[in-house]
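Working notes for the structure below.
The values are calculated or read from the model by the stated rules, or taken from the named source; none is laboratory data. Please read these numbers as outputs of a predicted model, since none were measured by experiment. We place every Cβ from the backbone using ideal geometry, glycine too, and count neighbours over all the protein chains shown.
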Ligand SMILES: Nc1ncnc2c1ncn2[C@@H]1O[C@H](COP(=O)(O)OP(=O)(O)OP(=O)(O)O)[C@@H](O)[C@H]1O
Ligand SMILES: [Mg+2]
């Protein structure tokens, strides 16, 4: 493991529960403490790491991811992003963090309806206050990267599922965020589209981006450098497949072949 | 630049639901247009009343008969003798001229045209000056015509138009109730006040009208002209004193006649039209409010419908202010465009006369209605916009 630099993501004793009283659901709980109360989840992710989060349905993967993406707040515990406690940030600073530091790819694409692919990808830049011409150039570059330059004028309902997912990836990476969070980015895709999207993510990681990706498939998890398994809101295994500073396994395999 | 961006998002949002946006704007449009138009109608009628105050002259007094309340004896009617007593009084310098007036109605015939003028007036030549009736063509009848009970008449402009159309009425003979009259003149139009038409009259010498229609009993009114606008009060007390003499009355609080001065009469009517304007304004304001509620409703629906989109935008790092700005811009655009079209509709509409009243647009009402509509858009739009902007991204995204 690379030492020296502090981890990009540090979560300490994070729990998340929904509901009250008897109906309470602990979506994230971690191992039980000595007194029987949930201890909370601890997780560190180093810069440049490529983590696959796995686990059965309802095990708390999305809950964890939403907290990492600053879309949700934990019930208890601390989340340090680049060393800053996210819990202490106000609305405006959180918006800034989401805009500049994090690229989020949703399981269900989450494209803005009735908006062209180019405008979708321009959105984060628009919120960052980038000028129109510069915005267009960068959005076009991102679309070219995902191989959709010729679909720039298409609206979500004119794109295939795989193309929509690639637009979502382009939108997540257009601001060049340090961290890419992807919630089942290939969940809705066929094997060909899956390979395309994973190829993109591998490439990003190879260029130094930290990636956290949720998946159900071992096939997909094989692309990651580290696999974390969740069961009932607690981490049960944490396996490193490749060192943090090595290229992602799939790319390395290609080089060997 | 962000502001420009917000407006672009807002226009996009409105364009996505054209029918709905158009209907909401229609609500605001109707509100604003009705405020402008109804206030203009109210104002139009009070402007007309104000004009007729000045056209009637402020130094004329009208004496009419009134039963004295609490008196057992029947009220004595006003007579030509009363008028003569006023005219010949040497100790009443404030009284300049006196004209007894009888009024009746009847049908006028000219050739095969038959028309019923609003009023047939029998009086003295002094009436014309006192009532501020100016001749447009021909001439007034003279004191000599009165003395000799000549069958001559002066027509109001409306009556002249109805009977003669494009023909020149001067010297023509018309028949009213079987009596032939020669037209000597036509009066200048005074214009309608919206309630009655002062130009719809036939004015003839008093004895002629009495002879033909009313008989030589009492007169309806005595029109008195004070020497100036400042001496009307003086004239009023002179008239009271002289008529108490001719009617043999002792108690000045129990007189059987009433003296009203034109100004007070008309200002009473002006206050009626003010009430009328306020009522119209209230109705219009309610419709404006309804338009505002329409905006709130539509913005609430829009926000609810687009909660997921708001979640996506927030997840991409849209600051709260930008989301707020986008929805506020949407509701403000709705109200500004709606109000702008409403102003246009109101101003165009005020070029047509409504129930005989020529609307006169109050500039403040245009500005006021526009400003209120825009303020309503901002105010009522801010509630849903605020709700949208303060959602946590994950809650917005989970919204179904
Ligand atoms: N808003 C919510 N209100 C109540 N319970 C919730 C809410 N969101 C999630 N949960 C519960 O929290 C638990 C974890 O949900 P989560 O979405 O993290 O699962 P997941 O691991 O992503 O599952 P999947 O693989 O099916 O996506 C589930 O039991 C779920 O029912
Ligand atoms: Mg999930």
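Worth pointing out:
- Qualifying residue in the range A:71-83 (condition: facing chain B (nearest Cβ under 9 Å), under 22 Å from residue A:230 (Cβ atoms) and surrounded by 20 or more Cβ atoms within 10 Å (Cβ to Cβ)): yes
- Filtering the range B:294-312 to residues that are without any contact (Cβ under 8 Å) to a residue 24 or more places away in the chain and facing another protein chain (nearest Cβ under 7 Å) leaves only B:309.
- Considering A:98, A:114, A:135, the condition of being at positive phi, within 13 Å of chain B (Cβ to nearest Cβ) and not in a strand (DSSP E or B) is satisfied by A:114 alone.
- Qualifying residue in the range A:88-106 (condition: within 16 Å of ligand 2 (Cβ to nearest atom) and out of contact with any strand residue (DSSP E or B) (no Cβ under 8 Å at 6 or more places or on another chain)): no
- Answer from B:34, B:45, B:64 - the residue that is touching a strand residue (DSSP E or B) at 6+ places or on another chain (Cβ under 6 Å), buried (at least 23 other Cβ atoms within 10 Å of the Cβ) and at pLDDT 70 or above: B:45
- When the range A:179-200 is limited to residues that are more than 14 Å from chain B (Cβ to nearest Cβ) and in contact with a strand residue (DSSP E or B) (Cβ under 6 Å, 6 or more places away or on another chain), the one that is surrounded by the fewest Cβ atoms within 10 Å (Cβ to Cβ) turns out to be A:184.
- Qualifying residue in the range A:30-37 (condition: within 16 Å of ligand 1 (Cβ to nearest atom), buried (at least 20 other Cβ atoms within 10 Å of the Cβ) and more than 14 Å from chain B (Cβ to nearest Cβ)): yes
- Residues of the range B:211-226 classified as outside any loop (DSSP other than H, G, I, E, B) and over 22 Å from residue B:172 (Cα atoms), total: 7
- Test: residue in the range A:218-233 that is over 16 Å from residue A:250 (Cα atoms), in contact (Cβ under 8 Å) with a residue 24 or more places away in the chain and out of contact with any strand residue (DSSP E or B) (no Cβ under 7 Å at 6 or more places or on another chain): yes
- Against the criterion of being more than 16 Å from ligand 2 (Cβ to nearest atom), modelled with pLDDT of 85 or more and not in a helix (DSSP H, G or I), residue B:322 does not qualify.
- Out of A:87, A:92, sole residue that is in a helix (DSSP H, G or I), surrounded by fewer than 20 Cβ atoms within 10 Å (Cβ to Cβ) and more than 10 Å from every other protein chain (Cβ to nearest Cβ): A:87
- Hits in the range A:45-81 - residues which are in a strand (DSSP E or B) and away from ligand 2 (no atom under 13 Å from the Cβ): A:45, A:50, A:51, A:52, A:76, A:77, A:78, A:79, A:80, A:81
- For residue B:120, the test of being surrounded by 22 or more Cβ atoms within 10 Å (Cβ to Cβ), in contact (Cβ under 8 Å) with a residue 12 or more places away in the chain and more than 28 Å from residue B:63 (Cβ to Cβ) is failed.
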